[in-house]
1. Are there trypsin sites (Lys or Arg not before Pro) in the stretch A:1-46 that DSSP marks as loop and that have at most 16 other Cβ atoms within 10 Å, and which are they?
2. Rank by packing, highest mean first: peptides B:65-73, B:15-23, with packing defined as the count of other Cβ atoms within 10 Å averaged across residues.
3. Calculate the spin-label point distance for residue A:612 paired with residue A:169, positioning each point 7 Å from the Cα along the beta-carbon direction, and give it in nanometres.
4. Given 0.36 nm per residue, what is the gain on full extension from residue B:321 to residue B:248 after removing their alpha carbon distance, in nm?
5. Cα-Cα over 28 Å: which of A:313/A:395; A:297/A:428; A:3/B:337; A:323/A:404; B:192/B:266; A:283/A:445?
6. How much net charge surrounds residue A:295 when only the other residues with a Cβ under 11 Å from the Cβ of residue A:295 are counted, with Lys and Arg +1 and Asp and Glu -1?
7. For the stretch A:63-131 and the stretch B:283-333, what is the separation of their C-alpha centers, rounded to whole Å?
8. Compute the FRET efficiency between residue A:209 and residue A:402 as 1/(1 + (r/R0)^6), taking r as their Cβ-Cβ distance and R0 = 30 Å, and round to the nearest 0.05.
Amino acid sequence: MSKRPELRPIYALLGRVQRRERAAEGLALTVRVALPAGLLLAAAAVIATRLLMTPIAYAYLALAPIPLVLGWAALRRRSLRATARRVDGHYRLHDRLGNAIEFAERPDKIPQDDPRTLAMAELAIANGAKSVAGLTPAPVVAFELPKPRTLDGLSLALLLASLLLPQREPELAEDRLAGASEVPELDSEAAKHGLDMTQAEPLREELRELENSKDDAIARISNELLGVLADLESGEVDQATALERLEQLDQDLQAAEAALQEQLEEDPWLLAEGLRELAEDIKDQEVMTEVAEALAKSDAEELEKQLQELMDKAEAEGGELKKELDKALKEMERSLSRSANENTGTEKAMEEAERDLRRQEKQKASDDPEEQERALERKKERLEELQRQHEREQKAREQLEKLKELARQSQGSSQAGGAQQKRKDAQKKLSEGAGQASQKSRQNKQMGDARDAMDQAKSFVQRSGQSGESQNRRKQQQQKFAKAAKGEKGKDGKPATALVEGEVGERGEQIGMGEGEGQGEGEGEGEGEGQGEGEGQGNSAQPGAGVGPGMGEGSVEALGDPNRMDVNLKNERVNPKSGKGQTRAEVIETASQEGFATESYRRVFRDYKSFAQSAMDSDELPEGQRRRVKRYYQMIQPRD
Amino acid sequence: MTEISAPISAPSADTAAQLQVLAADLRTLVDEVQQVVVGQDMVIRGVITCLLAGGHGLLEGVPGLGKTLLIRTVAEAVSMSFNRIQFTPDLMPADILGTSFLVEGEDGSVGRTLQYQPGPIFANIVLADEINRATPKTQSALLEAMAEKQVTTGGQTRALPSPFFVLATQNPLEQEGTYPLPEAQLDRFLFKINVEFPDEEELISILDRTTGSHDGKVRPVLTGERLVEMQQLVRAMPVTPSLTRYVVRLLRATHPDDKNATEGVKQYVRFGGSPRGAQSILLAARVRAALEGRESPSAEDVRAVVPQALRHRVLLNFEGEAEGVSTDAVLEQVLAKVKPD
């Protein structure tokens, strides 16, 4: 739109005012915005230089806000009408300038109804043009430096504070090189194997000890186990190969275990327990301190040597030493006697098993002859097992009795030729016998340790690269175990399953947990769930009810639902045992005497151990705790 | 009607001259009124603005501030018919609008006829004194008169004399026995003018004038016809588009849901100003410019008349009433926030 000539002074004035406005705004923004922003940027640059050793050139960024705000002030669009209003306001012109240019630029907006309207608009334009004379932009837009604010002070203070920061010393080139060579090496090792061999260190310690075993098989297997771990660590073999080798070694170990069982006529646990108690009993005897230590360590050679030397020395010196030795040998005699006569409960269990078998044999054939046959077979196996155990315990007792007798014969101070010679022979036999017993105990212990080490090594290798797989397997086993533990309802004439029964782990056989006898007759359908614990005899409404008093899950309404048509009720007479029954204390006492060596406990133990093993396969269990769990399961394992 | 002694000036053909004459006449009118009424410049200007804009005025102030005197003085100065109606609770609409009564025929042959007797509403300037003392029914009788400048009684509509102004007063203190004006009626007032208590100097002048021998006579300086001419000249005054837009934005900003609404409006206002409010602002701004001899109004004129034009149109909500918020304070916030282009 062309500008009317009479209004040019107005436009010129407004142009000058706008330029002055831009300059004033530039100044204000520089002080208000660019200055504090620049100070903050400078402070950040100084801090970065001092602490992170960035180039000092970054400090020039502090100047960046200045051109930015100046550019903004120069380029920002300004309304001519607003500028005119500002001038009008300053000179109290009642919008004369603004109205003049607005009427001149927008004549179409002036109503045409009354000719006086147009005349007044023209008059406004003329008055505007006249009013501009003598007006200057300077008073309208004053250049004023804004007063400092708190933000400015804070920004300056931050910059000054940053200047006080000490300069960090640059890292030496050698350090960088050393650091650079170490870190990637660790990274590459970790990336290569994904193994943290520090976790396997306790296992390797144990294997190193077993490597020095006198038993060749244990030493060889331990050595090879160490070799597998070393190869895995160095990357020579992968996980699959390592597991293959471990499986091979496991078979060797099983063979060694079987050979040891064949070789040991005596019950190693009874023998080991007797020697352990012997060590405890004689350790207070001063002369026997070293012997007790060797006995506690199951160091057969050292035991034999120390005991022989002690007895030879006592024979040679006589006097107090001989008296003390005799005293210690008497204590040894008492301790061995006590251990030899210790009741393990096997005999009682065997008698009980014999009674059970006879009862089973006398029992009439039930509806299910196969089941009857299976029950009979189980009881026979149980009896045979207990008989074998009893024989081995007898051997162990004989061994302990023999040592006791030798300890008794080794005492005395008679210097008569025959008596002295007889005593020396007894002493020699005692030393040798103790050594042999200790050796057998040690073999058994080391075989157990080797088995532990094997399990641990397998677990470690599996965990090394299959944490996800092991987690899955663990979950599956947990689900399997939980399902089996819950049991099943009795239905369709089938008995309810025991609490822990059925397929757990790899077994497909369903076996009741409890022990005892059950007899079932009649018809009916049991429904519902229930748990009961106890022992006794009785008739169950379940046809073909399985074996097992004790914990079981069966029907609350054993005769079925009386409201249903398909129920055929039949009254049965039950002859319960009278009396208070077995107390909790008696149960514990029996268990402590008989141990947990029943067949069903063995199965329970295997199931639980399997579950515990899967739990131990997870990385969540610390190594120390893993060993503790292992030890716990060793302690409660069935004694057979 | 009082006879005009001497018109101070005649309208000129030249627009600029007309504007100058208008300003001079208005100054004369103000001076004449101030012969009787001491101080109250803003109130006098407000009442004169109502006259020139052709609108009605509502004066609110405590008793004894000269509201009635001011209106009567203005009426006398413009030399137009004037009626005062004292509103009371028992005042009936017929008392204002007039009533019909039976008239016997002169010769007895025609019989009796109904004859309409006009009420006091039939005057150029009507002073509705203490308007809020009448019942709503009576107050409503003024609605048609104020909006349409006509009255309807007995099925017959009658035009009121032109120009027609209602200048009402009300007392803000006495609430008992009063009936607040309905919003529809309030909206018909161009201005609501608050009459403030005079300051010390003004009070001294009041005492001097009213307790001495001063007669306080008012000389008529304008006729009704001249007033109509002046109204037409004011309405012919051009307004820039930016100013019209400014008025619209100001009015919209008094509505709580408008984007330019201030926090005070959002919190305390129930309803903002009506379109009549915007008309009142623009008309009043023109009158203000005319009073100062200018040919078009400015943003400053708009800002000056906004409180009087909108204070009775912006309705506070319960929270605003309970907190004692004044409408003027809310409008000040609006004026501070909304700027012209």
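1. Working: sites: A:3, A:16, A:19, A:20, A:22, A:32; in loops: A:3.
Qualifying residues, ordered by number: A:3.
2. Working: B:65-73: 21.8, B:15-23: 18.6.
Highest mean packing first, the order is B:65-73, B:15-23.
3. Computed distance between label sites residue A:169 and residue A:612 equals 5.5 nm.
4. 23.7 nm
5. On the way: A:313/A:395 32 Å; A:297/A:428 21 Å; A:3/B:337 32 Å; A:323/A:404 18 Å; B:192/B:266 23 Å; A:283/A:445 21 Å.
A:313/A:395; A:3/B:337, as the Cα separations exceed 28 Å there.
6. Working: positive: A:276, A:283, A:297, A:442; negative: A:277, A:280, A:281, A:290, A:293, A:299, A:302, A:304.
Net charge in that neighbourhood comes out at -4.
7. Cα centroid to Cα centroid, the span is 24 Å.
8. Values: r = 31 Å, r/R0 = 1.02.
With a Förster radius of 30 Å, E is 0.45.
Every number in this text was worked out from the coordinates using simple rules, so none of it is lab data. This is a predicted model, so every value here is computed, not measured. In this analysis, Cβ positions are derived from the backbone assuming ideal geometry, glycine residues included, and neighbour counts consider all displayed protein chains.
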